[in-house]
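This report concerns only the one structure given below.
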Amino acid sequence: MKNIKIKYLLPFITMAFMVLSVFSSCDNDDSSGSSGAPVITSISKSVEGDLVPVTIGDPKNYYIIQGKGLAGVTKIYFNDFDTYFNPTLVTDTAIFVLIDEKTPYADASNKLKLVTNQGTILYDFVIAPPTPKFNSFNSINAAEGDIVTIYGDYFLDPVVKVGTTQAEVVSSTLTEIKFKMPANATDKYVSVTNISGTTTSEEAVGSALYDDVIQGDAGHWMWNGDDVFDTNFKDDVVQGQAAIKFVFGGWNGADMKFNSRDVSKYKAFRVKVKSVSTKTDASVIFVFGGWAYQIKKTLTNKWTTIEIPFSEIGNPTTFDQLTLQESGNFGGNTILMDDMGFVLK
């Protein structure tokens, strides 16, 4: 592992010494030296080719601070975060430094601060958050004007779009956004953008069969009255704030009826599934078309996305029923399901 890390660091270290040797040569030609107060003229990302000044920095990347009077640097702060630097990678006109991944980016000073023997200098510099992490949104089947919640991370000054339409953000924190669903949103994907990039939802608006509630529920039940069908299980979820918990006896099952819907625009059935049992033969059978199609899927004790192509279940154009049967053959299992619905073509 150490050899791998060294392998990937070597190009950066080599580049640093090459760049700093150039600046060191320039220092020797500059009689002003480090006698004056420090001055920062630019900050550039350490990449091959010409150095291009930037005003935004990404954590876990190397940057070159250029200026004068930098040789006496004793401290470097990005957004008041004390940042390590290697003194051997410092000249009077350049500093080679890695922005720490723990550097704060929200509610921060947006300043680089250099402390040197000759004085302290502040320089405008923004630390970018990571690209948005989009965990889920709820309700997936929201109508125009509904307030929808997006769950995830790194939502700094977010812009939300549904398809190409920008949505009104009602409120936001770093981990949660509430927005108003715009018109004509069905079959569109939701995206979140911050200054670092854009992340898009896995699910299209209107594609859910279950997203905290059963959509178009026309009745659901367990085959055995002693088994459990909990549609509001909140202890372990992967989408929204609730999941379905099935407690099956051995080879027992469940039926779910839905208001009939046109599925001709979809290509697959999707669901996220987790087995509470850690047994390697944990499994469940998905039954479609009144037992015409039985698809057995192996389960693990981690959330896993299952997609069943419509080509495997007779290419249905309407959908109104799903049957499940526990099939681990070890006396029963507790199975969690969430984010159930369809995948657009």
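Where a number appears in this text, it was derived from the coordinates with a stated rule and is not lab data. Just so it is clear, the model here is predicted, and its values are computed rather than measured. Virtual Cβ from ideal backbone geometry, glycine too; neighbours counted across all protein chains shown.
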Sorted by Cβ density within 10 Å, fewest first, the residues W291, W303: W291, W303
Under the helix-only model (-39500 (n - 2.57) for each DSSP H run of 4 or more, divided by the residues of the chain), the mean residue ellipticity at 222 nm, to 500 deg cm²/dmol, is -3000 deg cm²/dmol
Working from Cα positions, state the angle (0 to 90°, nearest 10) between the long axis of helix 2-29 and the longest principal axis of the chain. 30 degrees
Rounded to one decimal in nm, the spacing of the 7 Å Cα→Cβ label points at S264 and W221 is 3.3 nm
Just tell me which lysines come within less than 23 Å, Cα to Cα, of K272; anything on the same chain fewer than 8 places away is out. K133, K188, K234, K245, K257, K296, K297, K302, K345
When Rg/Rh (Cα atoms, Kirkwood Rh) is calculated directly from the model, which label among (1) 1.13; (2) 1.16; (3) 0.97 fits? (2)
With a/c under 1.5 counting as rounded, go ahead and sort the stretch 65-140 into rounded, prolate or oblate using the C-alpha gyration tensor (a ≥ b ≥ c being the square roots of the eigenvalues; past the cut-off, prolate if a/b is larger than b/c, else oblate). prolate
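Relative contact order, percent, of the stretch 133-206 when contacts are C-alpha pairs under 8 Å separated by at least 6 residues?
34 percent
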If you place +1 on the Cβ of every Lys and Arg, -1 on the Cβ of every Asp and Glu, and leave all else neutral, what size is the dipole of the stretch 133-206 about its Cα centre, to the nearest 20 Debye? 100 debye
Using a Förster distance of 35 Å, how high is the FRET efficiency between S42 and Q241, based on the Cβ-Cβ distance and rounded to 0.05? 0.15
Taking amide H positions as placed 1.01 Å from N in the peptide plane, with prolines and chain starts having none, which residues 5 or more places from V263, or on another chain, fall under 5 Å of its amide H? T318, F319
What is the distance, in nm, between label points placed 7 Å from the Cα along the Cα-to-Cβ direction at A108 and at N329? 5.6 nm
May I ask for the distance between the Cα centers of the stretch 154-194 and the stretch 316-338, given as a whole number of Å? 33 Å
The chain: relative contact order as a whole-number percent, Cα under 8 Å and 6+ apart: 12 percent
So, for the Cα atoms of the stretch 209-344, Rg and Dmax in Å stand at 13.9, 39
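If you place +1 on the Cβ of every Lys and Arg, -1 on the Cβ of every Asp and Glu, and leave all else neutral, what size is the dipole of the chain about its Cα centre, to the nearest 20 Debye? Show your work: numbers first, answer last.
Working: 29 positive and 39 negative charges, 123 e Å.
Rounded to the nearest 20 debye, it is 580 debye.
Which of the three applies to the stretch 133-206, rounded, prolate or oblate, going by the alpha-carbon gyration tensor with a ≥ b ≥ c and a/c under 1.5 meaning rounded?
Details: a/c = 1.59, a/b = 1.47, b/c = 1.08.
Cα axes put the stretch 133-206 in the prolate bin.
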